[in-house]
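The values are calculated or read from the model by the stated rules, or taken from the named source; none is laboratory data. Remember, predicted model here, so these are calculated numbers, not experimental data. Here Cβ is always computed from backbone atoms with ideal geometry, including for glycine, and neighbour counts include all displayed protein chains. In case anyone asks, the SASA skips ligands and DNA or RNA and just uses the protein heavy atoms, side chains included. Shrake-Rupley method; radii C 1.70, N 1.55, O 1.52, S 1.80 Å.
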Amino acid sequence: MKLRRLFVLVVPLVLLGLWFVAARLGWPSPRAVPAPGAVASAAFEALVAGTLWRDLGATLLRTCGGVAIATALGVALGAALGLKRALWRAVEP
């Protein structure tokens, strides 16, 4: 049990450290993945300005919408493959 707790604490810290190092080295581009400090600063500014929760809500809505669309397409494709043997043979490895 102690090992699991240690793992739960260490892994996020290691990932955060890798993010810091990658940002310092300029990989990937700061436009694509900003440094952790820049993210924290922007989050704090949005919190102070009162826009953080609105922005998080919009992000959550877009994410859920994407998951819903992917799920619907996946189920439809799976059903089509299950019902049509010729379609299954066409895509089978």
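Can you pull the percent of the chain's accessible area that's carbon plus sulfur, 1.4 Å probe, other chains left in place? Carbon-and-sulfur percentage of accessible area, whole number: 74.
Positive end of the dipole of the chain (Cβ unit charges, origin at the Cα centre): among TRP53, VAL75, LEU25, the Cα lying farthest that way belongs to VAL75. Label sites at LEU61 and VAL75, each approximated as a point 7 angstrom past Cα along Cα to Cβ, lie 2.3 nm apart. Does region 28-77 come out rounded, prolate or oblate, given a ≥ b ≥ c as the square roots of the eigenvalues of its C-alpha gyration tensor, rounded meaning a/c under 1.5 and, failing that, prolate meaning a/b above b/c? Oblate, because a/c is 1.5 or more while a/b does not exceed b/c. Note that the chain presents 88 Å² accessible area per residue, ligands and nucleic acids not counted, probe 1.4 Å.
Loop-located trypsin sites (Lys or Arg not before Pro) across region 1-86 with a Cβ neighbour count of 16 or fewer within 10 Å are ARG31, LYS84, with loop assigned by DSSP. For the pair LEU47 and TRP19, the difference between a 0.36 nm per residue extended length and the Cα-Cα distance amounts to 7.8 nm.
Within the chain, the percentage of alpha carbon pairs spaced more than 18 angstrom apart rounds to 72%.
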